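Trainee: Take a look at this one; I'll ask things after.
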Amino acid sequence: MSSVSGFAGQSRVGRHFPTTRWSVIAASKQTSDRSCSTALEALCGAYWYPLYSYARWQGATPENAQDLTQGFFARLLEKHYLDDFDRERGRFRTFLLAAFRHYVTNERERERTQKRGSGQVLIPLDVEDAERCYRLEPSHNVTPEKIYEQRWAVTLLERALARLKFEAGSSPHFDTLRVFLTGNSPGTSYKELAARLGTTEAALKVAVHRLRRRFGVLLRKEIADTVAGPEEADDELHYLLSVLSS
């Protein structure tokens, strides 16, 4: 049988994919271990674009938005502001936006929007890519807060998809089948696609079902890392889907 059916394999991500689990981040409050610092940096690197989009939608230039986002994460890491985050009191996305608003207000009041200098932790930002994405954002009837939440939701989806692709390893069919995860039409029937991939229609449907199921598990894990418990993960997942459909 074709390797199409091999997508149900268990994850190797735990050993190789950068983690941002809150258990690691919480541990960073008591230790300076490099693995904890790496987890924090990975978290910031994953979620900087929603804040960049928010700053741009508020009227900041690309350079200004870059400076604000870069400076915010440098401050967040160096001053251990994440120590103030309590998952029992709210969602991480809400905490992050509130902290960013506070930071931007202070920076604007002091008219300090230049890049942070030496000795500070800088998160590498691909601003050219960010601007390409930003130009595709909707331009009507959308608030900065709405843009932030939409980008946050897409970021979680992309992280789950990246983990799924990592699990697929060298599978030659992942990029073909991933279209079934996005809600887009594959542009062909199961029968035609199965023939193209050298497998049966039944095997293809099983592979797609397993791929969707695993993607759902990984997406829920991404969400669970930013909320207090399983019940909140369910609520956050429903909210994420509502944001994407609005």
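The values are calculated or read from the model by the stated rules, or taken from the named source; none is laboratory data. Not measured: the values here are computed from a predicted model. Glycine also receives a Cβ, built like all others from the backbone with ideal geometry; neighbour counts cover every protein chain displayed.
Trainee: When the residues of the range 177-205 are narrowed to those that are in a helix (DSSP H, G or I) and closer than 24 Å to Ser245 by Cα, which ends up modelled with the lowest pLDDT? Please lay out each step first, then the result.
Mentor: Going residue by residue through the range 177-205, those that are in a helix (DSSP H, G or I) are 177-181, 190-197, 201-205.
The next check asks that each one be closer than 24 Å to Ser245 by Cα; those that pass are 177-181.
On the way: Leu177: 88, Arg178: 86, Val179: 82, Phe180: 85, Leu181: 85.
Once the filter is applied, the top-ranked residue is Val179.
Trainee: While we're looking at this one, here's another question. In this structure, is Arg220 under 16 Å from Thr155 (Cα atoms), at pLDDT 85 or above and in contact with a helix residue (DSSP H, G or I) (Cβ under 7 Å, 6 or more places away or on another chain)? Show your work before the answer.
Mentor: Details: under 16 Å from Thr155 (Cα atoms): yes; at pLDDT 85 or above: yes; in contact with a helix residue (DSSP H, G or I) (Cβ under 7 Å, 6 or more places away or on another chain): yes.
Criteria met by Arg220.
Trainee: Could you list, in sequence order, all residues of the range 229-238 that are closer than 22 Å to Leu82 by Cβ and crowded, with 16+ Cβ neighbours inside 10 Å?
Mentor: Glu232, Ala233, Glu236
Trainee: Just the residues that are more than 16 Å from Ala160 (Cα to Cα), part of a helix (DSSP H, G or I) and touching a residue at least 60 places away in the same chain (Cβ under 8 Å), please, taken from the range 206-231.
Mentor: Passing the criteria: Val206, Ala207.
Trainee: Can you name every residue in the range 80-111 that is over 27 Å from Ala224 (Cβ atoms), surrounded by 12 or more Cβ atoms within 10 Å (Cβ to Cβ) and either aliphatic (A, V, I, L, M) or at pLDDT below 70 (or both)?
Mentor: Matches in the range 80-111: Val104 only.
Trainee: Are there any pairs with C-beta distances below 7 angstrom linking a residue in the range 166-195 that is surrounded by 12 or more Cβ atoms within 10 Å (Cβ to Cβ) to a residue that is modelled with pLDDT of 75 or more and charged (D, E, K, R), with the two at least 6 apart or on different chains, and if so which?
Mentor: Note: pairs meeting the criteria are Phe174/Lys165; Phe180/Arg212; Leu181/Arg212; Tyr190/Glu201; Tyr190/Lys205; Ala194/Glu201.
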